[in-house]
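**Student:** The structure that follows is given in the form of C-alpha cells.
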Amino acid sequence: MRVKYVLSEVLVGLWRNVTMTIAMIITMAVSLTMLGASGLMYRQVNDMKDLYYKNIEVSIFLSKEANEQQRADLHAKLKSDPLVKEVVFVNKDEAYKRFQEMFQDAPDLLSAVKADSLPESFRLKLVNPEQYREIYNQYKDTEGVDEIVDQSQLLDKIFKILTSVQNIALAAAAVMAIAALLLVANTIQVAAYSKRREVAVMKLVGASNWFIQAPFVLEAVVAGLIGSLLGLVALVAAKYLLFDGALSDLQGLLSPVTWGDILVMFPIMAGVGGLVSAVTAWVTLRFYLRV
Amino acid sequence: MIQLEQVTKTYPKASRPSLDNVSVSIEKGEFVFFIGPSGSGKSTIIKLLLHEVTPNKGRVVVNSKDVTSMRSWKRPHFRRSIGCVFQDFRLLPNRTAYENVAFALEVIGKTKAVARRVVPEVLELVGLGGKEHRYPHELSGGEQQRVAVARAFVNRPLILLADEPTGNLDPDTSIEIMRLLDRINRTGTTVVMVTHDSNIVNQMRRRVIEIESGRIVRDQARGVYG
C-alpha cells in the first residue's frame, strides 16, 4: 500500500506541475545528450588514436647526393635500431608509383613531375610512435639524410581539434547540468510548497522521513530517467542522421560508431541523470522541509 | 509521564528566555491546563514536548523517554505516541473527514484495512457519525476540530497535546470540544492543554499551571483561571 501511495504521489506530483516537469526533462535531456556525445567522442578519439598511431610512419628522405654506401649504412643502422619496428626502402620508381596513385586526379601535376625528381626514402614504423623525437635527433645529421617527416605532428593537430570539440561538448553538458539542477531544485520547492499541508500533518503524526521525502525525490529521479531516455533517442538520431547520413563519406577517416557504443552510454547517462536529480532533490528538501 | 526539569529555552535573537528554569511533573492520566498571557511561554512547552524545539538547559522527559538529547531521526517514531490538536485544526482541505483521519494512519504505515476498521469507530467517538464523507469546508468549526481530535486520537496515544483548541470556536462549541477531551482523558490518556479561555478553565476545575514571562507562578490541583 505504501509503495502504491508513493508511486501515485509521484505521478500526481509530475502532473500537477507539468510545464515545470517538461522544462526539467528537456534540460536534463539536452545535458545528458551532451554528456553522452562527449563520452562517445572520447571513445571514438581513443579508437582513432589507436588506429592512426599504429599505422603512423616516419619518413626519412635521402638527399639527391646520397651515395650507395651511405644508403646501405643507414639501412643497416635503422634495421638494428631498437626503436624501429619495421623499415621499408622506397626507391625512385616506387616513390613515383605512389605519387601517381596519390595524384591520379591531377594529370597536370603528374606530367610535370619526372620519376627521377622524387627522392628516395626510408619509411619507418616505430615501436612507440611517440618516440619520434629521438629518431629525429639521432638521424637528422647522418650523412645523406635530407629531411625527416613525422606524420604524428599532423595527427597531433587533428586530435587536438577533436579533443577540444570534445571538451566543448563536456563544458556544454556541465552548463546544461547546472540549469537542470536549478530546475530540479525549483520544481521540488514548488512541489513541497503545494504539499506543505500534507507534509505538516505527516510530520505531526510521525510519518518517517523517508516516507515524506520519497515522493519528491522519486519525482526528480523519474524526470531524470525520462531525460536520459530522450538523450538516448537523440544519440540514436545523431547516428542515423550524422554518421550514417551526412558524414558517411568520411567513413574511412572516422572509426565507426556502433549501436553498442551508444547503448553503453545509456546506463552512464541514466545513472548520472537519476543520481544528480535524486541528490539535488534530497538536498533541496533538507533545506526546505527541514525533516 | 511528563517531566520538565529546570528547563530554560531561549530562542535565537530573543532578549529574554521563553521558559526560565521551569520544572513540572505530570502524572499519567492527568488533565493539565497551562494558562497565561500571550508570549508567556505556554506554546513553547507544547513545542518542547513534541521535540520541535530543544531546551538550552534542563531535561525534558516524555513517556519515560529523554527528549532532550533525542536525535532528530528518532522524532517520527516518538511522535506516534503523542496526539496533537491546534487552534487552526490543520486538516487537509481536499480530503473528507474520513480521509483526513485515515491519512494519519496510512502515512505511518497502517494498512487500508486497519483504517476501515478504526476510523469510523473514532469518528463515532468524537460525535461525527454520519459525516465521514464531508469535506472540511462542509463542516462547522466545532466539527472540524472534532475531526482533528479524531485524527490525534486514532492511534490511541498516551498523551494528547492541545494548543488553544478552542481559540477559534464560540463558547458553546468550546464546551463541547472540552467534553470530548474530558472523555478522552477518562480513557487514561494524559491531556495537556494550553489555553487562555478562562471560562473553560473555571468550568473544568482541573490542574492549572499558570506561566508568566517564562516562569511558573501558580500550580493548583483544582484551579480556576486566576
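**Student:** Enumerate by residue number the trypsin sites (Lys or Arg not before Pro) in the range A:126-224 meeting two conditions: DSSP loop (anything except H, G, I, E, B), and at most 13 other Cβ atoms within 10 Å of the site's Cβ.
**Tutor:** Hits after loop and neighbour filter: A:K140.
**Student:** In the neighborhood of B:R218, defined by Cβ-to-Cβ distances under 10 Å, what is the net charge if each Lys or Arg adds +1 and each Asp or Glu adds -1?
**Tutor:** The answer is -3.
**Student:** Sticking with this structure for a sec: Give me the compactness ratio for the range A:64-143, meaning the Cα radius of gyration over 2.2 N^0.38 Å.
**Tutor:** So the Cα radius of gyration is 1.28 times the expected 2.2 N^0.38 Å.
**Student:** Picking from A:L83, A:N186, A:S121, whose Cα lies most toward the positive end of the charge dipole for chain A (charges on Cβ: Lys, Arg +1; Asp, Glu -1)?
**Tutor:** Value: A:N186.
**Student:** Still on this structure, I have one more. Of all alpha-carbon pairs in the range B:73-226, indicate the percentage at a distance above 28 angstrom.
**Tutor:** Counting pairs separated by more than 28 Å, the tail of P(r) holds 21 percent.
**Student:** Here's a follow-up. Based on alpha-carbon atoms only, what is the radius of gyration of the protein assembly as shown relative to the globular estimate 2.2 N^0.38 Å?
**Tutor:** For the protein assembly as shown, the normalised Cα radius of gyration comes out at 1.69.
**Student:** Go through A:S38, A:L62, A:S152 and say which Cα lies farthest out towards the positive end of the charge dipole of chain A; charges sit on Cβ, +1 for Lys and Arg, -1 for Asp and Glu.
**Tutor:** Among A:S38, A:L62, A:S152, the one farthest towards the positive end of the dipole of chain A is A:S38.
**Student:** Using DSSP to call loops (not H, G, I, E or B), can you name the GluC sites (Glu not before Pro) in the range A:29-92 whose Cβ has at most 12 other Cβ atoms within 10 angstrom?
**Tutor:** For GluC sites (Glu not before Pro) across the range A:29-92 that sit outside H, G, I, E and B with at most 12 neighbouring Cβ atoms in 10 Å, the list reads A:E65.
**Student:** Please express the Cα-Cα pair-distance distribution P(r) of the range A:87-240 as a list of whole percents, one per 10 Å bin, running from 0 to the bin with the greatest distance.
**Tutor:** Values per bin, smallest distances first: 8, 18, 17, 13, 12, 11, 9, 8, 5, 1.
**Student:** If you line up the long axis of helix B:171-186 against the longest principal axis of chain B, both from Cα atoms, how many degrees apart are they, to the nearest 10?
**Tutor:** Long axis of B:171-186 versus the principal axis of chain B: about 90 degrees.
**Student:** Same structure, new question: Place a +1 charge on the Cβ of each Lys and Arg in the range A:64-143 and a -1 charge on the Cβ of each Asp and Glu, then give the dipole magnitude about the Cα centre in debye, rounded to the nearest 20.
**Tutor:** Dipole about the Cα centre, nearest 20: 180 debye.
**Student:** With runs of 4+ DSSP H residues as the only contributors, calculate the mean residue ellipticity of the protein assembly as shown at 222 nm using -39,500 (n - 2.57) per run, divided by the residue total and rounded to the nearest 500.
**Tutor:** For the protein assembly as shown, the value works out to -18000 deg cm²/dmol.
**Student:** Using the Kyte-Doolittle scale, which helices in chain A average at least 1.6 and also have C-alpha atoms spread 30 Å or more along the helix axis, with helices defined as whole DSSP H runs?
**Tutor:** Both cut-offs are met by A:209-238.
**Student:** I've got another one for you. Tell me which of B:L125, B:I2, B:P37 sits at the most positive position along the dipole axis of chain B, charges placed on C-beta atoms (Lys, Arg +1; Asp, Glu -1).
**Tutor:** Sorting the options by dipole projection puts first B:I2.
**Student:** Taking springs between alpha-carbon atoms closer than 10 angstrom, which of B:D163, B:D172, B:D20 fluctuates most in the Gaussian network model of chain B?
**Tutor:** B:D172
**Student:** Roughly how many debye, to the nearest 20, is the charge dipole of the range A:64-221 about its Cα centre, given +1 on each Lys and Arg Cβ, -1 on each Asp and Glu Cβ, and no other charges?
**Tutor:** The calculated dipole for the range A:64-221 is roughly 1360 debye.
**Student:** What fraction of the Cα pairs in chain A, stated in percent, has a spacing above 31 angstrom?
**Tutor:** 54 percent
**Student:** Per q in 0.17, 0.23 Å⁻¹, report the Debye log10 I(q)/I(0) for the range A:5-103, using one uniform scatterer on each alpha carbon and no solvent.
**Tutor:** Here log10 of I(q) over I(0) equals -0.97, -1.22.
**Student:** At R0 = 60 Å, how high is the FRET efficiency between B:M1 and A:E130 if r is their beta carbon distance? Nearest 0.05 is fine.
**Tutor:** 0.15
**Student:** Give me the distance between the Cα centres of the range A:31-71 and the range A:103-158, rounded to whole Å.
**Tutor:** Going from one Cα centre to the other spans 14 Å.
**Student:** At each listed q (0.15, 0.18 Å⁻¹), what is the log10 of I(q)/I(0) that the Debye formula gives for the range A:196-291 modelled as equal alpha-carbon point scatterers?
**Tutor:** -0.69, -0.83
**Student:** Quick one: give the max-minus-min coordinate of the C-alpha atoms of the range B:93-155 along each principal axis, largest first, in Å.
**Tutor:** Taking the Cα atoms of the range B:93-155, the three principal extents are 30, 23, 17 Å.
**Student:** Taking N as the number of residues in the range A:137-204, what value does Rg over Cα atoms divided by 2.2 N^0.38 Å take?
**Tutor:** Rounded to two decimals, the normalised Rg is 2.66.
**Student:** Can you give the Rg and Dmax of the range B:158-226 based on its C-alpha atoms, in angstrom?
**Tutor:** Final numbers for Rg and Dmax: 12.0, 34 Å.
**Student:** A further question on this structure: Could you work out how far helix B:97-106 tilts from the main Cα principal axis of chain B, as a 0 to 90 degree angle to the nearest 10?
**Tutor:** 70 degrees
We did not get these values from a lab; they are worked out from the coordinates using the rules stated. This structure is a prediction, so every number in the text was calculated from the model and none was measured. Glycine gets a Cβ as well: all are built from the backbone with ideal geometry, and neighbour counts include every protein chain shown.
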